[in-house]
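Chemist: Below: one structure in structure tokens.
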Amino acid sequence: MSTKEAAPWESPTLANASRTLTMCRAQREAVEWEMTNDPNVFMVGEDISGFGGVFGTADGLGAKFGLDRVIDMPISETGFMGLAAGAAMEGMRPIVELAYVDFIGVCFNALANFAAKTHFMSGGQFKVPMVLLTGTGAGYSNAAQHSQCMHATLAHMPGIKVVSPTNAYDAKGMMHTAIRDDNLVVFMVHKGASGVGFMGPLVKTSLADVPQGDYTVPFGKVKVYREGTDVSIVAVGLAVHHALQAAEELAKDGISAEVVDLRSLVPLDRDGIMESVAKTGRLVVADEDYLSYGVSGEVIATVVERDPTVLKAPARRVCVPDVSIPFSRPLEYSILPVASRIADAARAVMSNDRGKGRV
Amino acid sequence: MSLTSDVRRKMYEVMVRSRAFDDRLTEQYWIDKKPIFAFGAGPLPGELHTSHGQEPVGAGVCAALLADDMITTGHRPHHIAVARGVDLKSLTAEIFGRKTGLSGGRGGHMHIYDKRVNFSSSGIIAEGLGPAAGMALARKMQGKPGIGISFIGEGAVNQGAFHEVMNIVGVFKLPFICVIEDNKYAVTTHKSASTATERNSDRATCYGMTGEFVSGNDPDLIYAAAERAVTRARTGGGGTILEVETARLLGHFMGDPGGYITGERKLYQVDPIPIYRRRLIDENILTEATASALELAVNTEVNEAMRFAAESPFPDPIDALNCTFAD
Amino acid sequence: MTEAKDVFEVRVTKETLGEGSESGSIILWMYPEGARVQRGDVIAEFLVDKITLEIQAPATGVLRIKVPAELAVADGALLALIESY
């Protein structure tokens, strides 16, 4: 250490206390920190050591930690999910990269029947602390097999924690939380909001000042992005950003929308949902997953089960209407929960517009 | 280790224990399931896949292992669990769904976990392969001893997981053994009808692994082959696909009379335990008297385990809500 | 106000662009105009075709941004200055 007193901007803790980061970079910092500080943390996936993963989730990690800790796998998802689960049972903390959540089908058994159930079936003898880091979402013409969210598919299975941060601060803090969690955590980041350069212009509301060093953001707490009094827009993933845009539009009409980011699907902050809806008395749920049997229904069920009398109007859902994601841009955008659809739904709720069909 | 008299006596003992265990379970299983079979009825509800006839595989392979080694198995785990030294009382209690069971009654007979002896089983075909390879990888990364062993049936090789994991084992030279218990039947489908190759051990070549095929359901030969595989794994020689021809004396599960096993195919299904007993007596490793004493002691032990289970309380219903997540 | 002792330029180079690409663009400035940065800090992400590159501060000092994000820039373009005091 130099004895010369550093100028404020030369001290890393002061000058660089935080920077504006994309989610992708922020979560990667958390991975890097954990790998540096815990020898049991390692990463497996396809094309990660040199290429950094299709969505840059492992950029630079291979060079820093070597091929023994950033392990490129053959295209064998069921094999390496099982491998990771077994390593986790023996005290390691694997982070498995699955570029597209759509591929979950080829490894669902290893996740849902093995990793998710082992702690239960063993009566707590074996823990499976692993993170599945995966990209979700549509909006860039990648069609039906590379555009899904599958929030509900994973959240439905007992034993899996499912989180989906929507800004860089949360992405880093929740990644620390995920890696330190003793369970299987599916860490979903919408590709369109992750901040990967080639996905197009950055989603500005996903950028955030991110501190250096480690910090955690707990699971199971909603984040109120924007406070409002007339209607709660409860959203997950990229739909949160659409909701923020919708709230801007609604403000022009004199409607005060509260935007609530679920952040974590399992555990779900039912109190947080209730608190917002009880305040506004109106509810729109926005989710880029399929409409039926999903997160949106779960949010509404939460309100209905706890106290339906808080609702001044029927709740509305803005989701993908139970069809596959189309390729062609106008087709695709017609079914995504974009700001205009969310705003329309909010207006409909505000006018208590019963029976005019689904938005 | 080598095939000493002690090892052989131990293997015999393990086989007898496993058989006595399965025999007692079978008796319990049929209670309240006759004359009309009801899956969930009786003191032992659910599916039951006993290991009658496959005892040599568990005994032979496990005798060649050390305490640090890690085993995953499938839906027919009793003979391997017993050979591995899974605590017999808590194992039995688990199968009876009692609070004192290994998993407090959450698992049942297909889902046997005993961390104390690095043992786990799972009911989905070929699902234990990846985890066993991962356990081996973990130890390698941690610089700790221990190899991964996964037991599967001959039908499981037709799962994609088999191909994926074997290739990964080969690519990363993991200290791993895949033991294929070839009892000729995947539920009711004969190996010849499901599998395009006669010996799955031949597939090892494709994965950069060593393949061995052991005929005859013979614990001595199984032990010797397992020992070779273990040595390879411990000395950086890579993985082994060890296929063992064994016998399934009963149906796929209790209640399957196995009527489809006919003609020549019945010849395979020979009880290995009396054969081994005779051999050990002929070779003066056991006498009629010491064998009988051993059998009596083992049966007593198994009966005690059954009594322990039967007398154990059922879990509190609230326990269904525990253990989904680790805190 | 003190005069800057040295001014370091951050420019697009042929190495940044690689072979076969004529331009790229800043995706994100991680620090605001006038922020104090340290030598080696990643100050921006720069996109060339599908590849995201990191732009590092060549010196410790104050960041002066010369090109906004999402604008195409070619070889030689001045992206920023770092004023050291």
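Chemist: Go through segment B:136-155 and report how many residues are farther than 16 Å from residue B:240 by Cα and in a helix (DSSP H, G or I).
Modeler: The total comes to 6.
Chemist: From the set of residues in segment B:1-54 that are open to solvent by 30 Å² or more (accessible area, probe 1.4 Å) and of a type in the set (Asp, Glu), which is farthest from residue B:75 (Cα to Cα)?
Modeler: The qualifying residue farthest from residue B:75 (Cα to Cα) is B:6.
Chemist: Which of the residues spanning segment A:75-106 are more than 7 Å from chain B (Cβ to nearest Cβ) and either at pLDDT below 95 or assigned to a helix (DSSP H, G or I) (or both)?
Modeler: Within segment A:75-106, A:77, A:88, A:101, A:102, A:103, A:104, A:105, A:106 qualify.
Chemist: Please verify whether residue A:130 is open to solvent by less than 10 Å² (accessible area, probe 1.4 Å), assigned by TED's automatic domain parsing to the domain that holds residue A:31 and touching a Pro at 6+ places or on another chain (Cβ under 7 Å), treating the condition exactly as stated.
Modeler: Here the answer is yes, as residue A:130 does meet what is asked.
For (1) touching a helix residue (DSSP H, G or I) at 6+ places or on another chain (Cβ under 6 Å); (2) surrounded by fewer than 23 Cβ atoms within 10 Å (Cβ to Cβ); (3) of a type in the set (Val, Ile, Thr); (4) under 18 Å from residue B:206 (Cβ atoms), each residue gets a yes or a no:
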{"position": "B:131", "(1), (2), (3), (4)": "yes, no, no, no"}
{"position": "B:136", "(1), (2), (3), (4)": "no, no, no, no"}
{"position": "B:142", "(1), (2), (3), (4)": "no, yes, no, no"}
{"position": "B:145", "(1), (2), (3), (4)": "no, yes, no, no"}
{"position": "B:148", "(1), (2), (3), (4)": "yes, no, no, no"}
{"position": "B:159", "(1), (2), (3), (4)": "no, yes, no, yes"}
{"position": "B:164", "(1), (2), (3), (4)": "yes, no, no, yes"}
{"position": "B:168", "(1), (2), (3), (4)": "yes, no, yes, yes"}
{"position": "B:171", "(1), (2), (3), (4)": "no, yes, yes, yes"}
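Chemist: Hey, can you tell me all the residues within segment B:121-159 that are over 19 Å from residue A:94 (Cα atoms) and facing chain A (nearest Cβ under 7 Å)?
Modeler: Those that are over 19 Å from residue A:94 (Cα atoms) and facing chain A (nearest Cβ under 7 Å): B:122, B:124.
Chemist: Go through segment B:177-205 residue by residue and tally those that are in contact (Cβ under 8 Å) with a residue 12 or more places away in the chain, closer than 22 Å to residue B:132 by Cβ and not hydroxyl-bearing (Ser, Thr, Tyr).
Modeler: Residues flagged as in contact (Cβ under 8 Å) with a residue 12 or more places away in the chain, closer than 22 Å to residue B:132 by Cβ and not hydroxyl-bearing (Ser, Thr, Tyr) within segment B:177-205 amount to 12.
Chemist: Identify all residues within segment B:61-111 that are open to solvent by less than 10 Å² (accessible area, probe 1.4 Å), of a type in the set (D, E, K, R) and assigned to a loop (DSSP other than H, G, I, E, B); write none if there are none.
Modeler: Scanning segment B:61-111 gives a single hit, B:69.
Chemist: Further question: Please find, within segment A:18-45, the residue that is farthest from the other protein chains (Cβ to nearest Cβ) out of those that are in a loop (DSSP other than H, G, I, E, B) and surrounded by fewer than 20 Cβ atoms within 10 Å (Cβ to Cβ).
Modeler: A:38
Chemist: From the set of residues in segment B:284-327 that are exposed (fewer than 15 other Cβ atoms within 10 Å of the Cβ), more than 27 Å from the chain's Cα centre (by Cα) and in a loop (DSSP other than H, G, I, E, B), which is farthest from the other protein chains (Cβ to nearest Cβ)?
Modeler: Top of the filtered list is B:284.
Chemist: So, one more: Find the strands (runs of 3 or more DSSP E) located wholly in segment C:7-85 whose residues include 3 or more that are free of Cβ contacts under 8 Å to residues at least 60 places away in the same chain and within 14 Å of chain A (Cβ to nearest Cβ), and list them.
Modeler: Of the strands (runs of 3 or more DSSP E) lying wholly inside segment C:7-85, those with at least 3 residues that are free of Cβ contacts under 8 Å to residues at least 60 places away in the same chain and within 14 Å of chain A (Cβ to nearest Cβ) span C:23-29, C:42-48, C:51-56, C:61-65.
Chemist: Here's something else I'd like to know. Please go through segment B:71-102 and give me each residue that is among the β-branched types (Val, Ile, Thr) and farther than 13 Å from residue B:116 by Cβ, ordered by number.
Modeler: Listed by number, the residues that qualify are B:72, B:73, B:80, B:82, B:92, B:95, B:100.
Chemist: I would also like to ask the following. Please find, within segment B:265-281, the residue that is nearest to the chain's Cα centre (by Cα) out of those that are modelled with pLDDT of 95 or more, outside any loop (DSSP other than H, G, I, E, B) and not β-branched (Val, Ile, Thr).
Modeler: Among residues in segment B:265-281 that are modelled with pLDDT of 95 or more, outside any loop (DSSP other than H, G, I, E, B) and not β-branched (Val, Ile, Thr), the one nearest to the chain's Cα centre (by Cα) is B:272.
Chemist: Please find, within segment A:160-203, the residue that is most open to solvent (accessible area, probe 1.4 Å) out of those that are part of a helix (DSSP H, G or I) and at pLDDT below 95.
Modeler: Residue satisfying both the conditions and the ranking: A:198.
Chemist: Before we move on, is residue B:222 open to solvent by less than 60 Å² (accessible area, probe 1.4 Å), within 17 Å of the chain's Cα centre (by Cα) and of a type in the set (A, V, I, L, M, F, W, C)?
Modeler: Criteria met by residue B:222.
Chemist: Please state which one of B:76, B:98, B:84 is free of Cβ contacts under 8 Å to residues at least 40 places away in the same chain and more than 11 Å from every other protein chain (Cβ to nearest Cβ).
Modeler: B:84
Chemist: Follow-up. Return the residues of segment B:4-43 that are part of a loop (DSSP other than H, G, I, E, B) and touching a residue at least 60 places away in the same chain (Cβ under 8 Å); say none if nothing qualifies.
Modeler: B:33, B:37, B:43
Chemist: Filter segment B:246-279 down to the residues that are open to solvent by 70 Å² or more (accessible area, probe 1.4 Å) and under 14 Å from residue B:190 (Cβ atoms) and list them by number.
Modeler: Result: B:262, B:264, B:265, B:266, B:267, B:268.
Chemist: Are any residues in segment A:48-74 acidic (Asp, Glu) and either more than 14 Å from chain B (Cβ to nearest Cβ) or surrounded by fewer than 17 Cβ atoms within 10 Å (Cβ to Cβ) (or both), and if so, which ones?
Modeler: Result: A:59, A:68.
The values are calculated or read from the model by the stated rules, or taken from the named source; none is laboratory data. Computed from a prediction, not measured in an experiment: that's the story for all the values here. A quick note on method: Cβ atoms are made from the backbone with ideal geometry, for glycine too, and the neighbour counts reach across all protein chains shown. Each accessible area value is taken on the protein alone, full model and side chains, heavy atoms only, with ligands, DNA and RNA left out. Shrake-Rupley method; radii C 1.70, N 1.55, O 1.52, S 1.80 Å.
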